[in-house]
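A short write-up of the structure that comes next.
The values are calculated or read from the model by the stated rules, or taken from the named source; none is laboratory data. This one's a predicted model, so the numbers in the text were calculated from it and none came from an experiment. Here the Cβ is made from the backbone with ideal geometry for all residues, glycine too, and neighbour counts use every protein chain on show. Ligands, DNA and RNA are excluded from the accessible area calculation, which covers all protein heavy atoms including side chains. Shrake-Rupley method; radii C 1.70, N 1.55, O 1.52, S 1.80 Å.
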Amino acid sequence: MAVLASGSGTNLQALLDDPMVGPWIVLVVSDRTRALALERARARGVRAEFLDPALYPDRATYGQALVGMLHREAIEYVVLAGFMRVLGAEVVRAYEGRILNIHPSLLPAFPGRHAVPDALAWGAKVAGVTIHLVDEQVDHGPIVIQEAVPVVEDDDEGTLHARIRAVEHRQYPRAVRMLVEGRVKVEGRRVHVLGEFEEAR
């Protein structure tokens, strides 16, 4: 499994700390050379790579380079953990049905980079977390897990994001386990997750 991350890597850390998911992670890739996520990976002895967007003229060639790196490492699953670049079609097609993303809202509400401040500005009473499979549209793929997070009266971006992050850290390892165990079944936009005692077919 490879994790793609651009920032501090708190969701990466939650995945590394999970006793089942952590050992599956063999590669962490970032588009930012000073991303703390890379340091978190190195601290666990996981290969950490900076793939510099400045070396590539467009999203497609960057995506091709990323796919090449993933294939060289025999990566089977890709997990996005705060990766702030839109994946190109080459990456999505190479790993169709095997890429997870996490987003700090109840999609389809508040897609994009500013979900938490957008929810506050809109006066939303409920925010949340969505974990979904990645397709070729931004924040769009079939939903695996959602959990609501209430917005309280005196919330600001920091307090709301902190409560959302706590849910992310709890749910993301769970979703990754579901996917790798073959318990995520997709029919159109609907996702059925096989239960703990159901046989994956």
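Below, the figures for the structure above:
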read-out: Residue list for the range 65-82, filter: of a type outside the set (G, A, S), under 14 Å from V134 (Cα atoms) and open to solvent by less than 20 Å² (accessible area, probe 1.4 Å); value: V78, V79, L80
read-out: Verdict on E49 being in a helix (DSSP H, G or I), of a type in the set (D, E) and free of Cβ contacts under 8 Å to residues at least 40 places away in the same chain; value: no
read-out: Near pairs, Cβ below 6 angstrom, 6+ apart or cross-chain, from the range 81-98 (more than 14 Å from L27 (Cβ to Cβ) and in contact (Cβ under 8 Å) with a residue 40 or more places away in the chain) to any residue that is of a type in the set (D, E) and surrounded by 14 or more Cβ atoms within 10 Å (Cβ to Cβ); value: R85/D31; A89/E136; V92/E136
read-out: Any pair with Cβ under 7 angstrom, 6 or more apart, that starts in the range 165-182 at a residue that is in contact (Cβ under 8 Å) with a residue 24 or more places away in the chain and ends at one that is small (G, A, S); value: H169/A14; Y172/A14; P173/A14
read-out: Test set (1) in contact with a helix residue (DSSP H, G or I) (Cβ under 6 Å, 6 or more places away or on another chain); (2) open to solvent by 30 Å² or more (accessible area, probe 1.4 Å); (3) among the charged types (D, E, K, R) - D18 fails condition number; value: (2)
read-out: Number of the condition not met by R59 [criteria: (1) farther than 23 Å from D139 by Cβ; (2) open to solvent by 80 Å² or more (accessible area, probe 1.4 Å)]; value: (1)
read-out: Wholly enclosed strands (runs of 3 or more DSSP E) of the range 130-201 bearing at least 1 residues within 13 Å of the chain's Cα centre (by Cα); value: 143-150
read-out: Selection from the range 72-95 of residues that are farther than 19 Å from L12 by Cβ, at pLDDT 95 or above and part of a loop (DSSP other than H, G, I, E, B); value: A74
read-out: Lone qualifier among H140, H132 - being at pLDDT below 95 and surrounded by 12 or more Cβ atoms within 10 Å (Cβ to Cβ); value: H140
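Matching residues to (1) within 23 Å of P19 (Cβ to Cβ); (2) in contact with a strand residue (DSSP E or B) (Cβ under 8 Å, 6 or more places away or on another chain); (3) open to solvent by less than 70 Å² (accessible area, probe 1.4 Å):
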{"residue": "E153", "(1), (2), (3)": "no, no, no"}
{"residue": "G158", "(1), (2), (3)": "no, no, yes"}
{"residue": "R163", "(1), (2), (3)": "no, yes, no"}
{"residue": "V167", "(1), (2), (3)": "yes, yes, yes"}
{"residue": "A175", "(1), (2), (3)": "yes, yes, yes"}
{"residue": "V180", "(1), (2), (3)": "yes, no, yes"}
{"residue": "V184", "(1), (2), (3)": "yes, yes, yes"}
{"residue": "H192", "(1), (2), (3)": "no, yes, no"}
